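Notes follow once the structure below has been shown.
The values are calculated or read from the model by the stated rules, or taken from the named source; none is laboratory data. Nothing here was measured: the structure is a model prediction, and the numbers come from that model. Cβ sites come from the backbone with ideal geometry, for glycine too, and all protein chains shown count toward neighbours.
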């Protein structure tokens with residue numbers, strides 16, 4: 001099982017996961033045309049996508065431009081159970097209803113051979129969901145737009161091969177950004193996004209939990225949803241460099257450029273020292 005982040009940030013989020021036989025997306029916050037363009041060169045096409053798992057319904061995670069494509073391609077949509085009515089209102093096409101599969105805290109199968117377990121996270125009024133995806137070929141932890149990191153998430157992600165978690169903002173850059181105070185409070189108040197330091201603390205806790213339980217450490221640490229206004233790659237790299245276990249496995253995602261395929265079996269470009277060269 002492999003992960004490729006096609007876009008990550010406030011202008012749209014979309015990742016693709018593939019197994020030997022199946023392909024599905026996590027979020028679809030960029031349009032289908034842009035998604036198809038980002039998939040070029042990956043060996044995967046939009047026509048192969050079987051389903052989409054939605055973390056939540058903010059516009060940068062579900063773009064209603066997908067509605068016609070979902071219906072025409074018969075792509076199933078896994079949506080938090082208490083948000084289906086909102087999804088249908090945003091999609092504005094009743095034909096989509098038969099393709100929407102609600103989930104709660106129980107496990108579900110987005111494609112054959114993959115088991116997804118969800119965990120509700122604090123994000124704004126309606127929350128978001130982290131996912132643990134597992135198959136015979138490995139497991140991926142994926143968490144973005146989480147206001148804080150509960151112990152349950154650390155347990156959830158202990159033992160994953162690829163750990164993808166948001167590292168959204170630098171507190172000083174946030175406070176001096178000129179953004180309205182209410183927005184800063186929303187982001188930094190424990191129900192918005194994770195700071196770089198909070199993300200690092202979460203990753204370290206997951207690594208420590210793995211060591212304590214005798215499990216292998218994640219081979220890739222993928223940082224999601226970096227703010228272009230209130231964060232900086234250099235700051236992220238400098239902070240995460242304090243832990244050599246993590247810095248050598250680090251992948252920074254981009255808004256307008258996809259990553260390579262990431263898995264436990266191979267070390268891809270854009271990791272560790274190559275990231276320093278890119279942004280140094």
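What are the residues in region 179-195 that are under 17 Å from residue 146 (Cα atoms) and exposed (fewer than 15 other Cβ atoms within 10 Å of the Cβ), if any? If you could, list the steps in order and put the result at the bottom.
To start, the set of residues in region 179-195 that are under 17 Å from residue 146 (Cα atoms) comprises 183-195.
Residues satisfying the conditions are 183, 185, 189, 190.
Only one entry of 211, 259 meets the criterion of being modelled with pLDDT of 95 or more, out of contact with any helix residue (DSSP H, G or I) (no Cβ under 8 Å at 6 or more places or on another chain) and closer than 28 Å to residue 36 by Cβ, and that entry is 259.
With respect to the conditions (1) in contact with a strand residue (DSSP E or B) (Cβ under 9 Å, 6 or more places away or on another chain); (2) under 25 Å from residue 169 (Cα atoms); (3) part of a loop (DSSP other than H, G, I, E, B), residue 4 lacks only one, and its number is (3). Considering only residues in region 15-34 that are farther than 15 Å from residue 261 by Cβ and touching a helix residue (DSSP H, G or I) at 6+ places or on another chain (Cβ under 6 Å), the one that is surrounded by the fewest Cβ atoms within 10 Å (Cβ to Cβ) turns out to be 31. Any residue at all in region 60-68 that is under 20 Å from the mean Cα position of the chain (by Cα) and in contact (Cβ under 8 Å) with a residue 60 or more places away in the chain? Checked region 60-68: at least one residue is under 20 Å from the mean Cα position of the chain (by Cα) and in contact (Cβ under 8 Å) with a residue 60 or more places away in the chain.
Anything in region 188-200 that is farther than 17 Å from residue 162 by Cα and outside any loop (DSSP other than H, G, I, E, B)? List them, or say none. Show your work before the answer.
Start the filter on region 188-200 by keeping residues that are farther than 17 Å from residue 162 by Cα, which leaves 188-198.
Matches in region 188-200: 188, 195, 196, 197, 198.
So that you can scan it fast, the table gives a plain yes or no per residue for (1) at positive phi; (2) at pLDDT 95 or above; (3) touching a strand residue (DSSP E or B) at 6+ places or on another chain (Cβ under 8 Å):
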| position | (1), (2), (3) |
| --- | --- |
| 42 | no, yes, yes |
| 51 | no, yes, yes |
| 64 | no, yes, no |
| 75 | no, yes, yes |
| 84 | no, yes, yes |
| 98 | no, yes, no |
| 101 | no, yes, yes |
| 107 | no, no, yes |
| 111 | no, yes, yes |
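Note on region 168-178: residues that are more than 20 Å from residue 13 (Cβ to Cβ) and surrounded by 14 or more Cβ atoms within 10 Å (Cβ to Cβ) amount to 4.
With respect to residue 144, determine if the residue is more than 22 Å from residue 255 (Cα to Cα), touching a strand residue (DSSP E or B) at 6+ places or on another chain (Cβ under 8 Å) and in contact (Cβ under 8 Å) with a residue 24 or more places away in the chain. Full working, then the answer.
On the way: more than 22 Å from residue 255 (Cα to Cα): no; touching a strand residue (DSSP E or B) at 6+ places or on another chain (Cβ under 8 Å): yes; in contact (Cβ under 8 Å) with a residue 24 or more places away in the chain: yes.
Against the criterion (more than 22 Å from residue 255 (Cα to Cα), touching a strand residue (DSSP E or B) at 6+ places or on another chain (Cβ under 8 Å) and in contact (Cβ under 8 Å) with a residue 24 or more places away in the chain), residue 144 does not qualify.
Of all residues being in a loop (DSSP other than H, G, I, E, B) and closer than 14 Å to residue 81 by Cα in region 115-131, which is farthest from the chain's Cα centre (by Cα)? Just the residue, please. Show your work before the answer.
Taking region 115-131 and keeping what is in a loop (DSSP other than H, G, I, E, B), we get 122-127.
Keeping just the survivors that are closer than 14 Å to residue 81 by Cα gives 126-127.
Values: 126: 18, 127: 15 Å.
Restricting to residues being in a loop (DSSP other than H, G, I, E, B) and closer than 14 Å to residue 81 by Cα, the top hit is 126.
Residue-wise test of (1) over 29 Å from residue 134 (Cβ atoms); (2) in contact with a strand residue (DSSP E or B) (Cβ under 6 Å, 6 or more places away or on another chain); (3) not in a helix (DSSP H, G or I).
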residue	(1), (2), (3)
156	no, yes, no
160	no, yes, yes
186	yes, no, no
210	no, no, no
230	yes, yes, yes
234	yes, no, no
237	yes, no, no
245	no, no, no
